[in-house]
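Written below as structure tokens is the structure these notes are about.
The values are calculated or read from the model by the stated rules, or taken from the named source; none is laboratory data. Here the structure is a predicted model, which means the values were calculated and not measured. Backbone-built Cβ (ideal geometry, glycine too); neighbour counts: all protein chains shown. Heavy atoms of the whole protein, side chains included, go into the accessibility calculation; ligands, DNA and RNA do not. Shrake-Rupley method; radii C 1.70, N 1.55, O 1.52, S 1.80 Å.
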Amino acid sequence: MKKYLHALTILGLSLTLTACGNLKNSNLANNAKTASNSSTKTYQTTDTGNNGYTVLLKNGRYVTSPISGLTATDNDNSVDTRELERGLIQISKKVYSTNSYVFQEGQYITTTDAHEWLSRKSKDNKLGLNPAEGSKKNYNPYYLEEIIEQNYLTGSGSSYHIGGISIGLAINSIDYYQKVKDGPQYQATISRAKQKEFGQHAAEQIVQRLRKRKNLKTVPITVGLFAKESMDSLVPGSYFLSGTVAANSSKIVKWENITTQSEVLPTIGNKKAINSSDASSFNSFKESIQNYFPNISGVTATLRYEDGKLVQENISITTQFYGYEQIQSFTRLVLSTAKKYLANDVPIEIKIGSVNDIQALVAKETGDNSYQVHIYGGE
């Protein structure tokens with residue numbers, strides 16, 4: 001749960017905080033820990049594997065972004081957070097090769113920057129990217145909810161320098177607000193067309209501001225526009241546009257459409273699955289394990305598609321048993337059933353657990369049938 005710090009002002013803000021926060025009620029916080037400020041810099045790298053980026057460590061520590069977790073409002077949706085970061089890395093791979101660049105969380109956008117940019121534009125804050133509130137009859141929603149930054153560096157040994165920056169702009173699809181304090185909650189729906197219009201304009205402004213900094217004048221900057229889902233959504237939002245500003249430029253010449261979809265199975269009501277074949281495979285998997293072990297509370301799956309193709313499937317199985325041998329036996333059943341019914345060519349993660357904790361994990365990271373199994377407290 002987010003912790004909020006009150007009574008923070010825009011001017012003179014220079015804080016290192018330890019929780020997430022929002023700006024809608026004049027709150028500001030983040031969940032980043034400050035990296036070592038030692039004058040002698042030493043670097044190490046750690047390989048993430050599976051065609052991912054090598055991660056750069058400073059003085060033996062993972063370097064976190066000072067703006068991580070900072071949001072404009074408390075329209076919290078936990079399912080968006082991971083996809084916001086993961087999706088930006090996927091966009092970045094098309095611009096900054098994993099063979100040539102190493103990854104580090106963003107270090108150039110400060111907490112002061114993010115606080116000003118995420119706030120509403122006003123006489124006291126001309127850098128605000130969200131519009132002035134307007135009137136009770138003509139309310140202007142908070143469009144920009146969150147900014148994330150990722151850095152891609154080149155170099156070796158004790159010498160690394162910035163080679164590219166990626167920025168993700170999380171834009172609300174619904175803004176929740178009150179006309180009077182402690183009054184009823186209202187919703188302002190933001191269309192995709194408006195998300196696109198606002199996002200492209202905000203991206204250009206951010207790029208222009210970064211270009212004014214001496215050390216960022218010739219660095220390529222990639223921007224992704226992310227459409228957040230509603231607060232009660234079971235599926236995460238997704239990126240829908242991306243563009244890159246070339247070195248020595250301040251304008252994104254070409255925006256690329258991104259087609260990413262997510263869904264939860266089984267579907268609710270009369271909603272049709274994105275892919276009937278994938279839905280049928282999951283239903284066969286679900287029915288098979290439920291027939292074998294009747295004391296299962298629920299089986300759900302979250303599927304992600306890119307350009308219409310399944311690229312990830314995560315399954316959650318909630319059990320009502322705790323016996324050691326029951327878990328061992330059930331996990332073996334899940335493994336064999338997954339190999340029989342689920343796709344062979346996509347990464348799959350299956351979590352088995354009770355309401356309170358995870359009991360076992362069955363997963364494969366690559367598009368093959370080489371599952372890894374881990375039973376917590378067991379083999």
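Glu149 sits among other residues whose Cβ lies under 12 Å from its own Cβ, and their net charge, with Lys and Arg +1 and Asp and Glu -1, is -4. The distance linking region 295-364 with region 66-81 is 28 Å (Cα centroid to Cα centroid, whole angstrom). If only the Cβ of Lys and Arg carry +1 and only the Cβ of Asp and Glu carry -1, the dipole of region 43-258 around its Cα centre is close to 880 debye. Take the alpha carbon gyration tensor of region 269-315, find the square roots of its eigenvalues, order them as a ≥ b ≥ c, and report rounded if a/c is under 1.5; if not, report prolate when a/b exceeds b/c, else oblate. Prolate is the answer for region 269-315, as a/c is 1.5 or above and a/b outweighs b/c. The relative contact order of region 263-375 comes to 22 percent, based on Cα pairs under 8 Å that sit 6 or more residues apart. Computed in the context of the full set of protein chains, the accessible area of the chain at 1.4 Å probe radius has 47% of its extent on carbon or sulfur. Where a ≥ b ≥ c are the square roots of the eigenvalues of the C-alpha gyration tensor, would you call region 54-128 rounded, which needs a/c under 1.5, or, failing that, prolate if a/b is larger than b/c, or oblate? Verdict is prolate for region 54-128. Using C-alpha pairs under 8 Å with a sequence gap of at least 6, the mean separation divided by the residue count of region 43-258 gives a relative contact order of 19 percent.
Looking at the chain, the DSSP beta bridges with both ends there are about 80 percent antiparallel. Shape annotation for region 173-212: C-alpha extents along the principal axes are 43, 23, 9 Å, from largest to smallest. When peptides 356-363, 171-178 are ranked by their average number of other Cβ atoms within 10 Å per residue, the highest-first order is 171-178, 356-363. Per-residue ellipticity at 222 nm computed for the chain from its helices equals -7000 deg cm²/dmol, with DSSP H segments shorter than 4 residues left out and the rest contributing -39,500 (n - 2.57).
Of the peptides 191-200, 265-274, the order by per-residue mean of other Cβ atoms within 10 Å, starting with the highest, comes out as 191-200, 265-274. Measuring how big the chain is from its alpha-carbon positions, Rg and Dmax come out at 22.6, 66 Å. About its Cα centre, the dipole of the chain is roughly 1380 debye, where the only charges are +1 on Lys and Arg Cβ and -1 on Asp and Glu Cβ.
Packing, as the average of other Cβ atoms within 10 Å across residues, places the peptides 341-350, 161-170 in the order 161-170, 341-350, highest first.
A 1.4 Å probe run over the chain, with the rest of the protein chains in place, finds 51 Å² accessible per residue.
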